[in-house]
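Below is one structure; the comments refer to it alone.
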Amino acid sequence: VKEEDTNLEVKKEEVKEETPKKEESNSTPLTPDFSDRVAIETFTGNLTGYGPNCVGCSGKTSTGYDLTQNIYYEDTEFGSVRIVAADKYFPFYSIIRISGVPGMDSFLAIVLDRGGNVGFDKGTLFDLAFSTEKDPNILGLTRNVKFEVLRSGN
């Protein structure tokens with residue numbers, strides 16, 4: 001009986017041990033950049049950043065996606081991708097590989113928005129969505145960024 005009691009105590013100790021909690025992160029989810037995929041078109045230009053609470057913004061993209069809830073979009077083909085505003089030349093749901101942003105690895109983005117400050121005639125090709133205008137990582141004007149169109153529209 002004493003032997004069973006000892007085993008019982010060991011089991012109780014095992015149950016009492018807490019599993020370490022998984023730390024939440026605000027960083028970009030790990031998604032392949034599809035570097036083996038050939039680009040349909042390639043552009044070099046300027047990138048800026050914006051938040052859902054920017055002046056004149058409603059918090060929703062032109063396609064109705066709520067940026068106050070998430071700045072990532074789950075695409076069935078490409079996985080978790082960032083959201084960008086773009087010139088009308090780029091159809092909604094186009095996938096763009098963006099590289100050459102200082103301090104950031106290349107990443108994929110999807111065109112879900114338009115913007116008053118975005119366009120070939122405005123000097124900025126894409127505007128990257130952030131969770132807030134006060135995000136310390138929000139981009140000012142970033143020059144010489146490479147944009148590769150991997151999918152045009154849906």
Output the peptides 81-89, 103-111 sorted from most to least packed, where packing is the average of other Cβ atoms within 10 Å over each peptide's residues. 81-89, 103-111
Using only the alpha carbons, work out the radius of gyration and Dmax of segment 36-154 in angstrom. 12.9, 39
Rounded to one decimal in nm, the spacing of the 7 Å Cα→Cβ label points at residue 66 and residue 53 is 1.7 nm
Virtual spin-label span in nm between residue 74 and residue 104, 7 Å along Cα→Cβ: 2.3 nm
Can you pull a Stokes-Einstein diffusion coefficient for segment 66-126 at 20 °C (1.002 mPa s), Rh from Kirkwood over Cα pairs, as a whole number of µm²/s? 176 µm²/s
If I model a spin label at residue 35 and residue 120 as a point 7 Å from the Cα along the Cα→Cβ vector, what separation in nanometres do I get? 3.1 nm
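Just so you know, all these numbers are worked out from the coordinates, no wet-lab data involved. Please read these numbers as outputs of a predicted model, since none were measured by experiment. Heads up, the Cβs are rebuilt from the backbone with ideal geometry, glycines too, and the neighbour counts pull from every protein chain shown.
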